[in-house]
Amino acid sequence: MKFILRVAVPGVFVFTYFMWRPIGKWNFVDLVFIVSISVFAIYSYVKWSARCPSCKRWGTAQKIKSDLLDFKESPTRHFSETKIEKDFSGNKIQITRNYKEDSSTTKYLDRFLCSSCEHEWEVERNEDNNVKTEI
């Protein structure tokens, strides 16, 4: 319920307020208002999604431990990109660059502790790593 009051209600207000005004009629105060409401909504969503599953309090999760579960390395991919550009005299020049891309996926198991109710829980997360280098 708190999530609805903190995020959905301001979002509906912003949508209905600015829906009737053309973009060309917005001024600096309108843009500051839109940005501040958007930042607050994103911040609230991040805090809400990281709440304790037991007592539902926001911002009480403390990461205790992070374990490596799996590491997968994808095969190296070779590719090229071709661009057509103009030089100083207006002639078209074709530039081809060759790249290789190494990618990997790492899976972690994070353990959290709620500082309010002492509840412990686990969350799996994946990290993707892509490195593109010119050869």
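The values are calculated or read from the model by the stated rules, or taken from the named source; none is laboratory data. What you are looking at is a predicted structure, and each value in this text was computed from that prediction instead of being measured. Please note: Cβ atoms are built from the backbone with ideal geometry, for glycine as well, and neighbour counts cover all protein chains shown.
Couple of notes before you dig in:
- Region 26-135 holds strands (runs of 3 or more DSSP E) entirely within its bounds, and those carrying 2 or more residues that are touching a residue at least 40 places away in the same chain (Cβ under 8 Å) and of a type outside the set (Val, Ile, Thr) map to 61-73, 92-114, 120-134.
- Scanning region 11-69 for residues that are farther than 19 Å from residue 121 by Cβ, modelled with pLDDT of 80 or more and of a type outside the set (A, V, I, L, M, F, W, C) returns 36, 38, 43, 44, 45.
- Considering 100, 47, 92, the condition of being surrounded by 13 or more Cβ atoms within 10 Å (Cβ to Cβ), under 27 Å from residue 134 (Cβ atoms) and of a type in the set (Lys, Arg) is satisfied by 100 alone.
- Apart from one condition, residue 3 fits all of (1) part of a helix (DSSP H, G or I); (2) at pLDDT below 80; (3) over 30 Å from residue 111 (Cβ atoms); the exception is (3).
- Some residue of region 103-120 being out of contact with any helix residue (DSSP H, G or I) (no Cβ under 6 Å at 6 or more places or on another chain) and surrounded by fewer than 10 Cβ atoms within 10 Å (Cβ to Cβ): no
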